[in-house]
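Chemist: Input: one structure, supplied below.
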Amino acid sequence: MTTTAVATMLKRGRKLARLPRRVWRKIGPRRYPVKDLSQEALGPLEALYAYRDLPCLICCRLADCRWFGSTGIAYGRNSLHPYVQSLHQYVRGEYRGYKGSCLEAYWQRWQPASLATSLGLCEENSHPWLQAAPPLSDFMPWSDMAQVEVLRAYAEPKSHGSTHDGPKMSETAVRQVGPKPAWFGEHRLGKLIHLYETILRDGYRRHASQQLGYFQQHIVVDTLERDGEVRFVVANGQHRAAVLSVLGHEFVPVLVHVLHRRGPSLVRHEDCLRWPLVRHEIISPSQALEVFDRVFDERLPAGFPCLMTADDPQRRVTMP
């Protein structure tokens, strides 16, 4: 038997030996050390210091939660989020499908051509990579270094061995901007309505099975901190946050300090100069803080269109 054949057999043997472990990872129980602080008067910063690097369940105001991305749109009773407003249309019996919904109006009107525009930055004063890249949903000024290579691929496709203009992005990939096909809009609203009916009937699931992963258990948020005050960006659970807003919940349990591929789970205003994209001069400190402050204060980016509301579909309103 040749050396190559022996090496192949050993390689296959190692794969077979790992098979039980892979199967167990999929079907076996997965227990996560989640500390439930939602019944205590403990904020996310206190939880961070008390339980460093440990995911914690805390209680926060929905109005302090923001849609993931740079729009700055908040959840809560008075939310102008297109998911929330479309659900209001359904609750009031005015829902006739995706066509004519507040979500359709939003996606038709907010179609920024570049990442710089979606961030609300002046194109002329932005880094060329921000001008060349489309409005990526995962990009925030405090994102990690993985975003550098993503931006480079859009700005310098030939350096990556590509003969095309740049990476292709699915028209359904970025939900914060349009346009979107009708089938996708119907799917999103159908999922929202189904979730609304389920929570209305059974109540909001507060204690999830420990066999579920973090992102299936609770609304997961990133914490923005400025001068001792905090706001939250919903990293996962957009539909749940929208449904709870329509149902009138003021406070909800959320999971903080969960690591994910989009960036850090705690973002401090004072750490701006340490953000990787700022250090590498992809975005300037003033631009990064401009986006941070705008999202924190619930302000829309420059050039953002007026939003349609369920109260009066003909009336368009903007946030302050």
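Every number here is computed from the coordinates shown, using simple stated rules; none is lab data. Remember, it's a predicted structure, so these values are computed and weren't measured experimentally. Neighbour counts are summed over all protein chains in view; Cβ atoms, including those assigned to glycine, are modelled from backbone coordinates with ideal geometry.
Chemist: What fraction of the Cα pairs in segment 75-134, stated in percent, has a spacing above 13 angstrom? Display every interim value, and only then the final one.
Modeler: Numbers: 1180 of 1770 pairs.
More than 13 Å apart: 67 percent of the Cα pairs in segment 75-134.
Chemist: Then there's this: Express in whole angstrom the spacing between the alpha-carbon centres of segment 241-289 and segment 50-101.
Modeler: Here the two parts' Cα centres lie 16 Å apart.
Chemist: Between Leu54 and Arg77, 0.36 nm times their residue separation minus their Cα-Cα distance comes to what? Mind dumping the intermediate values first?
Modeler: Working: separation 23, 0.36 × 23 = 8.28 nm, distance 3.04 nm.
Contour length minus the Cα-Cα distance gives 5.2 nm.
Chemist: While we're here: For segment 79-203, compute the number of Lys pairs whose alpha carbons are separated by less than 25 Å, excluding pairs fewer than 8 positions apart on the same chain.
Modeler: On the way: Lys99/Lys180; Lys99/Lys191; Lys158/Lys168; Lys168/Lys180; Lys180/Lys191.
Pairs that pass both the separation and distance tests number 5.
Chemist: Need one number: nm distance between label points at Glu46 and Val91, each 7 Å from Cα along Cα→Cβ, rounded to one decimal.
Modeler: Here the answer is 3.1 nm between the modelled labels.
Chemist: Could you give the nm distance between label points at Thr172 and Arg261, where each point is 7 Å from its Cα heading toward the beta carbon?
Modeler: The answer from the label model is 1.8 nm.
Chemist: Follow-up. Considering the zone a paramagnetic label at Leu200 would reach in this model (a point 7 Å from Cα along the Cα-to-Cβ line), which residues of segment 77-114 have amide N under 12 Å from it?
Modeler: Correct set: 87-95.
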